[in-house]
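The structure appears below as structure tokens.
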Amino acid sequence: MHHIFRNHSKVFSLLLKVGLMVLAFWFVFHGVDGSQLAQMLRTQRHSALLEASAFLLLQMVFGALRWRYILAALCPQKSQITSIVHTIKYFYISMFFNCCLPGTVGGDVIRVFLIKSEHTPLPLAISSVVIDRMMALLALGVMGFLTMPFLAEYIGISAWVLMPICAVLGVFGLVTLFNLDKIPFLQKFGWLVHLLHSLRLLLANKKILLMSIILAIIAHCWFCLSAYILAESLGSPISLLDSFTLIPWVLLISIIPLSIGGWGLREAAMVYALALVAVPQEAALTLSIQLGLLLIISSLPAGVLWLINKKQKNH
């Protein structure tokens, strides 16, 4: 009975994500001028697609390096740390699954499985991937906070109001996170206790913590540069400042696991965000769809790597 209920829950969750994705796409396509969209695609500088793809691959490489730094901080035995080549390969494979599976965390499960196959203990594998996600989110938060004066100007709110509110919420969230294991009924969850212990280990290693955040910020910057290049190629140029101010917020919204691969959410967020700097809806929508497609195309070779890796493990 429990098994049937769980299966029904998964089906309902998938249908809900598909429904939200369709609704989001209806919202962003509503009012789009098809002729203008077609003209934009005809006149687009197509070499920009290759340039944007290169930056997206660089984002993956820097993400993999960040993950390896985190593993180095958490592993009690250096022999448990996988090689740089394997780390990049596993991160690349996870990128493929994140793009192609419902939600945006399917690849993280694959990453845990792959790193565990390298004789890394399961709790350590889980903690490294979860903390890596946290560092990516923290980096987006840092970028958002640093550019908040410009965002406040875009939306017509005083930065002196917006920044203290975000700072207080951020501090409150971090304090709450690090004290979760002090709540009695949560102490029975061993994985949570291990995760918080791992977080404290990372915090104790200031050098690796700083490098992890820097690498996460650099990875996000490559994505922002991809958006900047595509916007220029579509005839709706935005400044680098616009890209570094607005695109991190688009990323934050798109990683919410409410759609398949972030589709729909990313497009709605992109249309709204770029409208603040007078980018036409058609250009913002095309830019977002092209970024999503380039992520999938760039990660397709990782699917082959996954099959090869699986075959090697079976033998």
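Read-outs: derived from the displayed coordinates by stated rules, not from any lab. These numbers were taken from a predicted model, which means no experiment stands behind them. Note that we place each Cβ from the backbone using ideal geometry, even for glycine, and neighbour counts take in every protein chain shown.
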Yes or no: G156 in contact with a Ser or Thr (Cβ under 7 Å, 6 or more places away or on another chain), of a type outside the set (V, I, T) and farther than 27 Å from A125 by Cα?
no
For region 159-234, which fully contained helices (runs of 4 or more DSSP H) count at least 1 residues that are within 30 Å of Q39 (Cβ to Cβ), touching a residue at least 12 places away in the same chain (Cβ under 8 Å) and of a type in the set (G, A, S)?
206-233
Check W263, W249 and return the single one that is under 20 Å from the mean Cα position of the chain (by Cα), in a helix (DSSP H, G or I) and touching a residue at least 60 places away in the same chain (Cβ under 8 Å).
W249
Does region 277-297 contain at least one residue that is farther than 25 Å from L20 by Cβ, among the hydrophobic types (A, V, I, L, M, F, W, C) and surrounded by fewer than 17 Cβ atoms within 10 Å (Cβ to Cβ)?
yes
Looking across region 150-193 at residues that are of a type in the set (S, T, Y) and within 25 Å of the chain's Cα centre (by Cα), the single one that is surrounded by the fewest Cβ atoms within 10 Å (Cβ to Cβ) is T176
